[in-house]
Amino acid sequence: MSFSNLPIHTEELPEVQAVTLKPIHPDYLKVLRINWALLYAVILAGIVTVFILSKKLQNPIAISITGSVYLLTLLITVIIGTGSCKRKQYAVREKDILYKTGWIFQHLHMIPYNRLQHCVVNMGPIERKYGLASLSLYTAASEGKDITIHGLPQTEAEQLKELVVLQIQALYADENV
Amino acid sequence: MQMKTFDTPQRQSPLALAMMFFKILRTVFTIIWPMLIGLLVGGKKGNSALKWIIGGGSILLFVLVKTVLDYLYFKFSIQDGQLVVRKGFFYKTAISVPLERIQAVHMEQSFLHTLTFTHKLIIDTAGKEDAEVTIYAIPSSDAHALRELILNSVDSKVENSEAEKVPATKLVSRLTIAGLVKLSLSANHIETMAVVMLFLFSRYEDVKPLLRNTPFFKNLIAYGETINYTWQLIVSLFLVVAIVTIILSFVRIFLRFYDYTIRMDSKGYYIRWGLLQVKQKMIPFKRIQLIQWRSNFVRRLIGIALLNLKVAGADEVKKKIRIELPITDIGQIKEIVSVYQPKLPSEPEQEGYTIHKSYAYRKTLFITIPILIVLASFAALLWQWYALFVFIWLPYSLGLQLLYCRNFRFWVTDDGLQQYKGTWGRAEAILNWNNIQYLKIRRSIYQRKKGLATLVIHTAGGAFELPYILHEQALEISNYALFRTESTQRNWM
């Protein structure tokens with residue numbers, strides 16, 4: 001039996017901070033803008049309907065308050081969403097995936113392949129139009145949601161999925177030995 | 001003797017019919033009870049007996065039919081290394097769980113079970129939904145055989161060296177009556193009072209519209225308005241509430257921890273307890289993802305703690321079967337924990353790392369102050385400028401947060417991490433590198449400016465958080481954690 005117990009030099013370990021992260025596809029911002037436009041159009045239609053049906057609301061104060069709240073929410077969504085989208089970055093390493101997201105609160109996720117349960121490639125109609133896809137990664141972590149990398153080119157998302165599936169299969173094969 | 005294999009699908013013991021009947025009846029009753037009270041106190045006279053007979057009879061018939069169908073269409077077996085359960089008449093469900101993925105097996109024995117030589121079995125699976133398979137009653141011999149079969153499957157993956165470490169069913173801890181009394185006296189009575197009050201208020205709000213119509217409550221409310229609230233009366237009322245709460249704490253603790261016995265063998269922990277109903281749980285060592293133990297201020301002084309073994313998938317669904325062990329001798333913690341981590345990271349008497357004290361100021365700024373502003377705004381409606389007295393809480397809260405920061409310690413070793421925190425009480429946690437699922441570094445604008453970060457380590461049993469540590473330190477721990485997780489294919493479960 002071969003056994004070794006050599007010291008580990010932590011300074012020689014691969015460093016997360018040394019990895020150059022790759023930004024997601026710039027077209028994802030267009031996808032987001034279309035989504036926001038659709039969402040806020042639906043909300044606006046709802047508000048207008050309520051104002052038409054309710055006579056009590058048809059006064060300048062109610063209209064100006066609702067209009068201001070609507071515009072402010074829209075502005076915050078667009079500013080924070082755009083800032084956040086431009087900062088979404090990822091890196092695929094030999095044994096894990098790194099995903100950085102967020103503007104005001106920045107999150108750096110580090111997900112080892114050998115902890116992944118499964119992964120899913122999602123393509124919405126608007127994402128498809130721009131040749132983009134999202135990759136959702138699922139671990140067994142009890143708290144916290146799954147990690148979804150948005151704005152990946154479709155081919156890259158599929159390749160990543162294949163890579164993850166291969167890693168999971170290798171792990172189960174190893175377990176069954 | 002040949003061990004039963006359970007390869008043919010089988011039903012539960014007929015006693016399960018009674019158990020299932022009462023469970024379904026209870027579920028139906030919890031839905032319709034406000035309606036029943038309404039009928040009882042506000043119902044008009046005439047033909048009421050007939051209505052009650054028809055209504056009650058229909059409900060009982062529904063419960064009876066559902067029970068029989070649920071019983072007849074529930075079958076379990078073990079096929080190809082999987083626990084297979086088929087159930088449901090209208091909505092059919094088939095559950096297949098690989099035996100090695102089973103988290104824990106819980107055995108319960110109520111008075112009825114004891115009389116009929118049966119056991120209730122709860123098989124805890126790794127999934128987040130449909131978290132468990134419940135067999136309401138099977139013969140005790142079958143229950144033991146099924147548990148052994150599952151455990152042997154789990155055990156086949158335990159290395160021999162690990163198996164040799166622990167002798168067969170060694171007694172780790174047993175809670176004596178003195179220990180129970182200590183545990184009851186040191187319980188958080190304020191928490192008990194809050195739980196009772198919340199329960200009473202929530203139920204009172206449900207039935208208030210119905211009670212208003214009854215003469216008894218009308219008189220009671222009228223009487224309440226005539227009482228002259230003197231200091232003596234207020235003190236007496238407080239004493240009555242305090243005594244009732246302490247009695248309730250005793251009852252709660254006795255029901256929850258009576259005869260609590262922890263044993264261990266090479267496979268896992270065997271836990272047994274119960275006053276009215278004897279319960280047993282088996283936790284395989286490999287299923288433990290994270291261990292936490294905590295004491296409130298009084299318990300810390302007298303050396304008592306509650307130890308929580310976090311197993312995979314122990315989320316909201318499984319709170320009812322959480323594994324919380326009462327420890328009356330702190331030395332027992334080391335023994336229980338030693339199977340998970342041979343040596344506590346804090347053991348070499350090192351000082352440990354601390355968190356940045358700006359954590360206290362940020363918490364006060366973003367949590368305490370907004371809450372106080374909201375409270376003061378409401379209070380201002382009643383007390384005008386006196387509402388500002390609410391802000392007296394601010395320095396106390398800030399003091400608590402600073403104390404929390406001062407007490408917070410964490411240690412990093414080759415085996416894993418340990419955390420120690422609390423203001424008056426203490427909470428500790430240990431984590432093995434192997435149990436990490438993924439890591440997250442979170443940074444706000446303020447943290448980025450100050451070179452700080454919050455490191456969240458996710459496991460299948462919960463998250464382990466190190467707030468407001470140095471960003472470089474968070475990266476260093478992450479690099480090492482990733483190295484430890486990725487350099488081995490050792491199964492985390």
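With respect to B:Phe111, is the statement that it is farther than 30 Å from A:Tyr138 by Cα, assigned by TED's automatic domain parsing to the domain that holds B:Leu36 and modelled with pLDDT under 90 true? Let's see the steps before the verdict.
Working: farther than 30 Å from A:Tyr138 by Cα: yes; assigned by TED's automatic domain parsing to the domain that holds B:Leu36: yes; modelled with pLDDT under 90: yes.
When the stated conditions are applied, B:Phe111 passes them.
Close contacts from segment A:87-111, counting a first residue that is within 7 Å of another protein chain (Cβ to nearest Cβ) and free of Cβ contacts under 8 Å to residues at least 12 places away in the same chain and a second that is crowded, with 20+ Cβ neighbours inside 10 Å and not small (Gly, Ala, Ser), with Cβ to Cβ under 6 Å and a gap of 6+ residues or different chains, come to A:His107/A:Thr101; A:His107/B:Lys440.
The numbered conditions (1) surrounded by 15 or more Cβ atoms within 10 Å (Cβ to Cβ); (2) closer than 29 Å to A:Ile43 by Cβ; (3) without any contact (Cβ under 8 Å) to a residue 40 or more places away in the chain; (4) more than 14 Å from chain B (Cβ to nearest Cβ) are all true for A:Tyr130 except (3).
Inside segment B:452-493, can you point out the residues that are assigned to a loop (DSSP other than H, G, I, E, B) and either modelled with pLDDT of 95 or more or at the interface with chain A (Cβ under 8 Å from one of its Cβ atoms) (or both)? Working first, answer last.
From segment B:452-493, those assigned to a loop (DSSP other than H, G, I, E, B) are B:460-461, B:487-493; that's our starting set.
B:Ala460, B:Gly461, B:Gln489, B:Asn491, B:Trp492, B:Met493, listed by residue number.
Restricting B:Glu428, B:Glu465 to residues that are buried (at least 19 other Cβ atoms within 10 Å of the Cβ), under 30 Å from B:Ile304 (Cα atoms) and acidic (Asp, Glu) narrows the list to B:Glu428.
Of the listed requirements (1) touching a residue at least 40 places away in the same chain (Cβ under 8 Å); (2) in contact with a strand residue (DSSP E or B) (Cβ under 6 Å, 6 or more places away or on another chain); (3) aromatic (Phe, Trp, Tyr), B:Tyr404 misses just one: (2). Residue check: B:Arg362 meets all listed conditions (1) assigned by TED's automatic domain parsing to the domain that holds B:Glu465; (2) touching a residue at least 40 places away in the same chain (Cβ under 8 Å) but one, namely (1). Exactly one residue out of B:Ile37, B:Ile95, B:Ile59 is under 20 Å from B:Ile135 (Cβ atoms) and out of contact with any Lys or Arg (no Cβ under 7 Å at 6 or more places or on another chain): that is B:Ile95.
Candidates in segment B:280-294 are the residues that are basic (Lys, Arg) and closer than 13 Å to B:Leu325 by Cβ; of these, the one that is surrounded by the fewest Cβ atoms within 10 Å (Cβ to Cβ) is B:Arg294. If the condition is being among the polar types (S, T, N, Q), at pLDDT 80 or above and closer than 24 Å to B:Glu324 by Cα, then segment B:116-174 contributes B:Thr134, B:Ser173. Checked against (1) at negative phi; (2) at pLDDT 80 or above, B:Gln103 passes all but a single condition, namely (2).
Of A:Leu108, A:Leu135, A:Leu74, which residue is buried (at least 16 other Cβ atoms within 10 Å of the Cβ), closer than 27 Å to A:Asn35 by Cα and over 13 Å from the mean Cα position of the chain (by Cα)?
A:Leu74
Scanning for something more than 26 Å from the chain's Cα centre (by Cα) and away from chain A (no Cβ under 13 Å), does segment B:417-433 turn up at least one residue? Looking for residues that are more than 26 Å from the chain's Cα centre (by Cα) and away from chain A (no Cβ under 13 Å), one finds none in segment B:417-433, hence no.
The values are calculated or read from the model by the stated rules, or taken from the named source; none is laboratory data. What you are looking at is a predicted structure, and each value in this text was computed from that prediction instead of being measured. Virtual Cβ from ideal backbone geometry, glycine too; neighbours counted across all protein chains shown.
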